[in-house]
Structure formats: structure tokens, C-alpha cells
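Note sheet for the following structure.
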């Protein structure tokens with residue numbers, strides 16, 4: 001693995017989150033995450049999901065293949081405070097802080113374990129990401 005990217009998809013209404021650890025940051029891998037996410041939450045023409053993303057080039061690529069039922073909305077530039085999932089990084093990074101890893105694989109193993117822990121931290125995640133101005137329909 002030459003690098004890794006940790007992606008999270010958060011659904012406050014369903015109180016679910018999806019964690020995707022991918023080996024590269026590019027549109028090809030993003031497309032695989034979109035497919036997995038769509039399958040995981042049962043997205044269809046009748047069940048539509050809004051995904052809010054930043055303006056990373058690979059999010060906006062012409063090569064991005066967004067499954068039917070997923071609608072993308074992009075945040076204004078330089079506005080991480082508008083993205084609730086940004087507040088999760090402190091929880092994700094906790095086991096990595098001030099640690100040395102012999103390899104990216106070792107770090108990935110720690111991140112995978114952390115994802116399993118985070119799956120059971122629903123209340124903490126909700127407290128971090130449930131902004132008062134978010135509404136759900």
C-alpha cells in the first residue's frame with residue numbers, strides 16, 4: 001500500500017455511519033466507496049441519499065460514477081465547520097497520536113480496529129456531529 005485514506009459516511013437520521021479504508025485517494029477508489037455505500041444503505045431511485053462533500057478534485061472528477069439515488073452537494077471552499085463528519089477525526093486519530101508505525105499496513109490494522117470500536121460509540125459520535133441547524137425529512 002502506497003498510502004491510505006480513511007473515509008467516513010455518516011447518517012444522523014438512521015444513526016449509522018460507514019467507515020471505508022481505501023488504499024488510494026482517487027476517483028477510482030471513490031467510485032468503489034460510492035457503490036459500497038449505496039449497497040450498504042439500500043440506495044435506489046425510491047430511496048435517495050444526500051452526500052455532502054468537500055471540493056477535493058477527486059470528488060468533482062468527471063470520472064466519478066455516482067449511483068442512482070445518491071445526490072452530491074458540495075460545501076463552499078474552506079468551510080470544514082459545515083461538515084459534521086470533520087469532527088470525527090479526533091476520535092479516529094486517537095490511537096495514532098504520538099505513535100510510530102513500522103509500515104502503513106501496521107497503521108491500517110490500527111485504523112481497522114478503531115473503526116470497530118467507533119461502531120459502538122454511537123452516542124459519542126452523535127454528540128460530536130449532531131449540529132443544531134441540521135434538519136432531516
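The values are calculated or read from the model by the stated rules, or taken from the named source; none is laboratory data. A quick note: this is a predicted structure, and the numbers were derived from the prediction, not measured. Positions of Cβ are backbone-derived with ideal geometry, glycine not excepted, and every protein chain shown enters the neighbour counts.
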Go through (1) out of contact with any helix residue (DSSP H, G or I) (no Cβ under 9 Å at 6 or more places or on another chain); (2) at pLDDT 85 or above; (3) surrounded by fewer than 17 Cβ atoms within 10 Å (Cβ to Cβ) for residue 25 and report which single condition fails.
(2)
Residues of region 69-89 that turn out to be at pLDDT 85 or above and in contact with a helix residue (DSSP H, G or I) (Cβ under 8 Å, 6 or more places away or on another chain), as a count:
4
Residue ID - surrounded by the most Cβ atoms within 10 Å (Cβ to Cβ), chosen from residues in region 116-131 that are assigned to a helix (DSSP H, G or I) and in contact with a helix residue (DSSP H, G or I) (Cβ under 8 Å, 6 or more places away or on another chain)
125
For region 60-105, name all the residues that are assigned to a loop (DSSP other than H, G, I, E, B) and under 23 Å from residue 36 (Cα atoms).
60, 61, 62, 63, 64, 65, 66, 67, 68, 69, 75, 83
